[in-house]
Amino acid sequence: MATREGNSKGKGLIRSLSRRGTRTDKLRPAEKSVGRRRGPAVCERCGAVFVRLTWRRDRAMTHGFLARVRWVVCPACKQTDRGEALGRVMIKGAYAATNE
């Protein structure tokens, strides 16, 4: 049994650290239609960088990195072009109540 002394909560922590039996080929909803991207990419419109399966806007780029990237349009820019809004902005407080 792999338990630690003083841990009365059971094997929860030990089991959560075990990655055996997990799938690594899971696709996100956006990847199901387009497919999974391979390698780094940069959005030609907004400058977002695709590294480690996520789009980020605050990544530092070097000349070596820019030499090996693919220039594409990111999913956020595509949604903007289509006029899709997949979020909600909620304004609360006294200012919102008086300026409604």
All conditions in (1) at pLDDT 75 or above; (2) more than 21 Å from the chain's Cα centre (by Cα); (3) exposed (fewer than 10 other Cβ atoms within 10 Å of the Cβ) are true of Ala96 except (3)
Using beta carbons and a limit of 7 Å, which pairs, at least six apart or on different chains, have the first residue in the range 79-98 and closer than 20 Å to Trp55 by Cβ and the second one of a type outside the set (A, V, I, L, M) and at pLDDT 85 or above? Leu86/Gln79
Which of the following residues is at pLDDT below 85, on the phi > 0 side of the Ramachandran plot and aliphatic (A, V, I, L, M): Leu17, Leu53? Leu53
Matching residues in the range 43-80 - criterion: being surrounded by fewer than 10 Cβ atoms within 10 Å (Cβ to Cβ) and of a type in the set (Asp, Glu): Asp58
Working only within the range 41-74, note down all residues that are in contact with a Cys (Cβ under 9 Å, 6 or more places away or on another chain) and within 20 Å of Arg28 (Cβ to Cβ). Ala41, Val42, Cys43, Cys46, Ala48, Val49, Phe50, Trp55, Arg57, Val72, Val73, Cys74
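The values are calculated or read from the model by the stated rules, or taken from the named source; none is laboratory data. Since the model is a prediction, treat every value here as computed from it, not as a measurement. Every residue, glycine as well, gets a Cβ built from its backbone with ideal geometry; the counts of neighbours run over all protein chains shown.
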